[in-house]
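Some notes on the structure that comes next.
The values are calculated or read from the model by the stated rules, or taken from the named source; none is laboratory data. Keep in mind it's a predicted model, so treat the numbers as computed, not measured. Note that each Cβ is placed from the backbone with ideal geometry, even for glycine, and that neighbours are counted across all protein chains shown. The protein model used for the area step is the full one, side chains on, heavy atoms only, and it has no ligands, DNA or RNA in it. Shrake-Rupley method; radii C 1.70, N 1.55, O 1.52, S 1.80 Å.
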Amino acid sequence: NAGVTQTPKFRVLKTGQSMTLLCAQDMNHEYMYWYRQDPGMGLRLIHYSVGEGTTAKGEVPDGYNVSRLKKQNFLLGLESAAPSQTSVYFCASSYSWGRQPQHFGDGTRLSIL
Amino acid sequence: DAKTTQPNSMESNEEEPVHLPCNHSTISGTDYIHWYRQLPSQGPEYVIHGLTSNVNNRMASLAIAEDRKSSTLILHRATLRDAAVYYCILNSGGSNYKLTFGKGTLLTVNP
């Protein structure tokens, strides 16, 4: 089972460039999430989705946009990258919220120069 | 939001049991207690979760205090592969879709 797959695994951008991070899950989960993790810190929720076609803001949404056009995919976009967005980005999915665990991808390491 | 408190680090020897504590004195009645761990350069991995009763699975056991204000993750026989950061997280399952990861406990396992 692939589980949660994130692409790309690494990326270096220049300030002001744009890019999209892709998250794909093959578990038919309704809920999907994007987190960022900065050095020595826990994960912080950026955006999440409770189903196909829906998205909502998490704890640190500024500078990011998301889309969930297909149930299995959740895209995270940076329209104009800033050095403060240098981080490791994790995608996760879950069958439901609360009782069910979240399944995480291996992360995308993004550096903004 | 209800918060959790964990020791910054703990150390164990291989093949010995490990008890990782978590305090959550402001837990609400609907909060599930989840444990995740994160190995270096990997995404968090689900370990176990519970609501009121103690739970066991192939990875670990979760002991929940009767008043639910604290819990303990038990690794019965630590291996070198268990060296990771362990996060104790409360999930209310309500409309506040926020899973708050603190700094967790860094577990070192000595051979």
(request) At most 14 other Cβ atoms within 10 Å and a DSSP loop assignment: could you name the trypsin sites (Lys or Arg not before Pro) in segment A:57-106 that fit? (result) A:Lys70, A:Arg99
(message) Would any residue of segment B:39-69 have its amide N under 16 Å from a label point 7 Å out along Cα→Cβ of B:Thr79? List them or say none.
(response) B:39-40, B:47, B:57-61
(message) Residues of segment A:39-69 that become at least 30 Å² less accessible with every protein chain present than in their own chain isolated, using 1.4 Å: which are they?
(response) A:Gly42, A:Leu43, A:Leu45, A:Tyr48, A:Glu59
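How big is the A-B contact in terms of buried accessible area, both chains counted, 1.4 Å probe, rounded to the nearest 100 Å²?
On the way: alone 6290 and 6620 Å², together 11060 Å².
Looking at A and B, the buried total is near 1800 Å².
How about segment B:17-91: which trypsin sites (Lys or Arg not before Pro) there lie in a loop by DSSP and see at most 15 other Cβ atoms within 10 Å?
Values: sites: B:Arg37, B:Arg58, B:Arg68, B:Lys69, B:Arg77, B:Arg81; in loops: B:Arg58, B:Arg68, B:Lys69, B:Arg77.
Qualifying residues, ordered by number: B:Arg58, B:Lys69, B:Arg77.
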(request) Sort A:75-83, B:84-92 for me by packing, meaning the mean count of neighbouring Cβ atoms within 10 Å per residue, highest on top. (result) B:84-92, A:75-83
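Please give the net charge around A:Arg99, taking every other residue with its beta carbon less than 14 angstrom from that of A:Arg99, where Lys and Arg add +1 and Asp and Glu add -1. Could the numbers behind the result be given before it?
On the way: positive: none; negative: A:Glu30, B:Asp31.
Spelling it out: positives minus negatives among the neighbours equals -2.
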(message) Binning at 10 angstrom from zero up to the longest distance, how are the C-alpha pair distances of chain A distributed in percent?
(response) 15, 51, 29, 5, 0
(message) Using a 1.4 Å probe on the protein heavy atoms only, what accessible surface does B:Val47 show? Give it in Å² to the nearest 10.
(response) 0
(message) Please check segment A:72-95 for residues whose accessible area, probe 1.4 Å, is lower by 20 Å² or more when all protein chains are in place than in their chain alone.
(response) A:Phe90
(message) Quick check: at a probe of 1.4 Å, how many percent of the accessible area of segment B:1-71 sits on carbon and sulfur atoms?
(response) 44
(request) Give the residue from A:Gly63, A:Ala24, A:His47 lying farthest towards the positive end of the charge dipole for segment A:1-68; charges sit on Cβ (+1 for Lys and Arg, -1 for Asp and Glu) and the dipole is referred to the Cα centre. (result) A:Gly63
(message) What is the percent carbon and sulfur in the accessible area of chain A, measuring with a 1.4 Å probe over the protein chains and ignoring ligands?
(response) 51
(request) Would you mind working out the magnitude of the charge dipole of chain A relative to its Cα centre, with +1 at each Lys and Arg C-beta and -1 at each Asp and Glu C-beta, to the nearest 20 Debye? (result) 120
(message) Loop-only trypsin sites (Lys or Arg not before Pro) in segment A:7-36, please: DSSP not H, G, I, E or B, and at most 12 other Cβ atoms within 10 Å.
(response) A:Lys9, A:Lys14
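Averaged per residue, what accessible surface does the protein assembly as shown expose to a 1.4 Å probe, in Å²? Each step should come with its number before you reach the end.
On the way: 11060 Å² over 224 residues.
Normalised by residue count, the accessible surface of the protein assembly as shown is 49 Å².
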